[in-house]
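The block underneath contains the structure these notes are about, expressed in structure tokens.
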Amino acid sequence: MEQENNTTKRSGAVTIADIAKAAGVSKATVSLALNGSPVVKDETREKVTAAAASLGYVPNFSARRLVSGKSGMLGVVVPDIENVYYATFVKELTDRVSEAGWSLSIFISSNGPDRESRAVRDMIASRVEGIIYVPVNTPGGNDAVPLILNSGIPAVCATTLTDKMSCVLCDLGDGMRRLTERLLATGPKSVIYLDGSPGVYTLDVRREAFSEAVRSYRESGHDIVTRTISIPSVDYFSAERAVAGLGELPDAIVSVNDFMALGVVNHLTSRGISVPDRVQVTGFDDCVFAVSSPVPLTTVRQDIGILAEKTVALLKRKLSGETSDREVILIPTDVVTRRSTKK
């Protein structure tokens, strides 16, 4: 019996036989046409696809996987889909993956190492063709990276750096360094740096860049007092509480992301404290809230569209066997100056 490899067996579903009858061709021709075989003439392929579309045909990907050995599916694991940064990244990824002819399966780790490892296991069990790995933002190791490497599935780490995988990320250090230099050029005498926990690469590299810029500023003969406040949750409300608990306010507050900066701005303005005349505030990421803030934020823009594009392109090269080497792709960042800092 001829195998109908791309259709479901449920009662009432459109079959290859239905399409063959409507298009006036054999079932074998339908199967070849729907699977993109070059032996089918363009005119015939158009006739088959038009018939399939008019009948509402939906391919059976499980059957297709059995025949081709490929799922047509990529997997991505992200820490938090409610975070606008990750939500935007997933949206951009979905567009790029679709353009490349795949589908994208999304797994959410809820920023927990154990859940991240389970998500990776689920991706592997689902037989995805490739993996896009966005690690949790918590200190300490977990077994997600070894799981991915041992699976043999082509993979790319995105948004951050890992030692053993190819990575695509924005140049966070350069962005923070230039942002800090821009702020220091306005002459503040005291600056508070609102940070997250150490041991997370994306936060560590920003902290180091901030410190480097301050050190160079001091070496050039300027006096400045800096203080770091670590806030593990790096969120709006924690930043708001941290500023509320300050005694004497600094001249400037550098926040490690836009959500914290927004909490700072809202708290200060609610108390009638002028931003930036009394306290300058900066963020990082240039999320949508950076513009809609009561005082639009000076921040560092990460081009998430380019990040997604480069990630999918690198994974595509790995899937095709074009490269198996570890690669690190750094995407430039931009400092965006708005009203939360002085000119």
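The values are calculated or read from the model by the stated rules, or taken from the named source; none is laboratory data. Fair warning: this is a prediction, and the values are worked out from it, not measured in the lab. Using ideal geometry, Cβ is built from the backbone for each residue, glycine included, and neighbour counts are taken over all protein chains shown. All accessible areas refer to the heavy atoms of the entire protein, side chains included, with ligands and DNA or RNA removed. Shrake-Rupley method; radii C 1.70, N 1.55, O 1.52, S 1.80 Å.
Brief remarks on what is shown
- Enumeration of residues in the stretch 287-306 that are under 20 Å from ALA185 (Cβ atoms) and not in a strand (DSSP E or B): VAL295, PRO296, LEU297
- Selection of the stretch 288-302 for residues being under 10 Å from LEU262 (Cβ atoms) and either of a type outside the set (S, T, N, Q) or without any contact (Cβ under 8 Å) to a residue 24 or more places away in the chain (or both) yields PHE289, ALA290, SER292, PRO294, VAL295, LEU297.
- Residue pairs whose Cβ atoms lie under 7 Å apart, separated by 6 or more positions or on different chains, with the first residue in the stretch 202-222 and basic (Lys, Arg) and the second not in a helix (DSSP H, G or I), are ARG206/VAL256; ARG206/PHE284; ARG207/ASP195; ARG218/ILE224.
- Answer from ARG207, ARG182, ARG177, ARG241 - the residue that is outside any loop (DSSP other than H, G, I, E, B) and farther than 19 Å from THR299 by Cβ: ARG241
- In this entry, PRO146 passes the filter for residues that are open to solvent by 20 Å² or more (accessible area, probe 1.4 Å), over 20 Å from MET73 (Cβ atoms) and without any contact (Cβ under 8 Å) to a residue 12 or more places away in the chain.
For every residue, the table says whether it meets (1) among the β-branched types (Val, Ile, Thr); (2) within 18 Å of ALA185 (Cβ to Cβ); (3) touching a helix residue (DSSP H, G or I) at 6+ places or on another chain (Cβ under 8 Å).
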residue	(1), (2), (3)
GLU248	no, no, no
ALA261	no, no, yes
VAL279	yes, yes, yes
THR341	yes, yes, yes
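- Note on the stretch 104-123: residues that are closer than 20 Å to ILE153 by Cα, over 13 Å from the mean Cα position of the chain (by Cα) and open to solvent by 50 Å² or more (accessible area, probe 1.4 Å) total 4.
- Within the stretch 210-238, the only residue that satisfies the criterion of being open to solvent by less than 70 Å² (accessible area, probe 1.4 Å), assigned to a strand (DSSP E or B) and hydrophobic (A, V, I, L, M, F, W, C) is ILE229.
- Residues that are of a type in the set (S, T, N, Q), open to solvent by less than 30 Å² (accessible area, probe 1.4 Å) and part of a loop (DSSP other than H, G, I, E, B) do not occur anywhere in the stretch 129-138.
- Evaluated against (1) out of contact with any Leu (no Cβ under 8 Å at 6 or more places or on another chain); (2) surrounded by fewer than 18 Cβ atoms within 10 Å (Cβ to Cβ); (3) at pLDDT 95 or above; (4) part of a loop (DSSP other than H, G, I, E, B), ALA313 falls short on exactly one condition, (4).
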